[in-house]
Amino acid sequence: MKKFANLAAGLVLTAALAVSVTACTPTKNNPAQAAAQSAHDHEPSTTPDGAAVETVDGAEEKKNMVVTEDPAVTVCVYSMKDDHSGLKQNMDTIDGEELDAQKLIDKMAELGILEKDIKVNSFENKDGVLTLDLSSLEKKDDRLLLLAISNTFVQNYDAKTLKLKVDGKEVGEMEFVKKWKEISADQLK
């Protein structure tokens, strides 16, 4: 008798599950279900503050969506390790819709790589050759710092080389160093 009760309960459960799955699945052949779904789609929903919002599968929200965040560009900035033994890579963002040399220099200053208040006198990107003229650079003899600047600009601008100048005087022309993880300050001297 117990086996029969368990079997009957299992059959009832299976039938209920089949009906619920069928009832929840929208079909084109069921006009009553389509009408109910259409009425449900046009019901107003509420926002957290209790205001009613009418929605049709989220389309109205997407159409009226306002982006509240300012646009930003993701950049890769190279810096020196704390012990000045090599380079490390940082991912960050700069404000704006496109990459800007002054904002990239400002980001390097914000991260403590460069001194504050360095201005970009001029910047040119011609056929993958970048020319960057900075207003000042206290440590222009620091090869590791120059490598950090070079890798930062060459990678972000997808360039071949960087010609770096400080107040119009050429400091050097550098390429991206792919093995930046393996390089040490001693190797650059």
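The values are calculated or read from the model by the stated rules, or taken from the named source; none is laboratory data. Owing to the predicted nature of the structure, the values given are computational and were not obtained by experimental measurement. Ligands, DNA and RNA are stripped out before the accessible areas are found, and what is left, the full protein with its side chains, is counted by its heavy atoms. Shrake-Rupley method; radii C 1.70, N 1.55, O 1.52, S 1.80 Å.
The stretch between His84 and Lys179 holds 32.6 nm of extra length on full extension. This uses 0.36 nm per residue minus the Cα-Cα distance. Between Asn121 and Asp133, Leu134, Ser135, the built amide H atoms are under 5 Å apart, and every one of these is 5 or more places off in sequence or on another chain.
Rg and Dmax of the range 72-189, both derived from C-alpha coordinates alone, stand at 13.1, 39 Å. Each of Met91, Met80, Met108 has its accessible area taken with a 1.4 Å probe; listed largest first, they run Met91, Met80, Met108.
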